[in-house]
1. What helices (runs of 4 or more DSSP H) lie completely within the stretch 6-94 and have 3 or more residues being within 30 Å of residue 153 (Cα to Cα)?
2. Anything in the stretch 157-169 that is at pLDDT 80 or above, part of a loop (DSSP other than H, G, I, E, B), open to solvent by 90 Å² or more (accessible area, probe 1.4 Å) and not polar (S, T, N, Q)? List them, or say none.
3. Which condition from (1) open to solvent by 90 Å² or more (accessible area, probe 1.4 Å); (2) without any contact (Cβ under 8 Å) to a residue 40 or more places away in the chain is the one that residue 63 breaks?
4. Scan the stretch 134-168 residue by residue and report those that are over 13 Å from residue 30 (Cα atoms) and hydroxyl-bearing (Ser, Thr, Tyr).
5. Could you give every pair whose Cβ atoms fall below 9 Å, whose first residue belongs to the stretch 68-94 and is within 22 Å of residue 33 (Cα to Cα), and whose second residue is small (Gly, Ala, Ser) and open to solvent by less than 100 Å² (accessible area, probe 1.4 Å), counting only separations of at least 6 or pairs across chains?
6. Which condition number in (1) surrounded by 13 or more Cβ atoms within 10 Å (Cβ to Cβ); (2) assigned to a loop (DSSP other than H, G, I, E, B); (3) modelled with pLDDT of 95 or more is the one that residue 121 fails?
7. Only residues that are in contact (Cβ under 8 Å) with a residue 40 or more places away in the chain and among the acidic types (Asp, Glu): list them for the stretch 7-33, please.
8. Out of the residues in the stretch 127-151 meeting the condition of being buried (at least 16 other Cβ atoms within 10 Å of the Cβ) and modelled with pLDDT of 95 or more, tell me which one is nearest to residue 22 (Cα to Cα).
Amino acid sequence: MDKPSIIFTEYIRSDHFLEATAENWESEFFQMFAYVLFTVFLYQKGSSESKKLSEQNPVDKEPNRAIKYVPWPVRKGGVVLKLYENSLTLAFLTLFLISFSLHAIAGAGLYNKEQAQHGSQPISVLEYLGTSRFWFEAFQNWQSEFLAIGSMVLLSIFLRQKGSPESKPVDSPHSQTGND
């Protein structure tokens, strides 16, 4: 059975568009959340993506309130500073959770429309979260993101790209970690 065509403006307001877009964003934000979090404590000898193994890294030092034009959370201190110290990870986690929720809500809407065409009863968003369809959609995107970032970390040990901040200098030994 052919479905009638819809115009672009109708499509971008549809459950299908929102579900597919949120699903894609979800995997991107999950990847970046995990990447930023893991780079805090994981090291990979030889990777251009890793902090130095044997020396103090500037990103690990305690914030100095005396520096002119320091961001206000550093001046404020306390809980505000703790949140600010982790704000990049928290931002990606929040964006992931928003995208995950939109994926579930729009996916449930789309699923229910498809089920209604077959005479089935609608299900709730929580019930949709328990379906294999939802998790297939999520995992197929998540695995591709982690494959890409894992490949970047491992390939940057042995391969180079002149001019890229993601690469070590071309003449660096494979065992060198991080950029100079």
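1. Once the helices (runs of 4 or more DSSP H) in the stretch 6-94 are filtered for at least 3 residues that are within 30 Å of residue 153 (Cα to Cα), what remains is 15-41, 78-85.
2. 159, 162
3. (1)
4. Across the stretch 134-168, the qualifying residues are 151, 156, 164, 167.
5. From residues that are within 22 Å of residue 33 (Cα to Cα), the pairs are 73/87; 92/34.
6. The one condition residue 121 does not meet is (1).
7. Once the filter is applied, which keeps residues that are in contact (Cβ under 8 Å) with a residue 40 or more places away in the chain and among the acidic types (Asp, Glu), the stretch 7-33 yields 15, 19, 23, 26, 28.
8. Top of the filtered list is 134.
The values are calculated or read from the model by the stated rules, or taken from the named source; none is laboratory data. Note that this is a predicted model, so its numbers are computed, not measured. Quick reminder, even Gly has a Cβ in these numbers, built from the backbone with ideal geometry, and neighbours come from all protein chains shown. All accessible areas refer to the heavy atoms of the entire protein, side chains included, with ligands and DNA or RNA removed. Shrake-Rupley method; radii C 1.70, N 1.55, O 1.52, S 1.80 Å.
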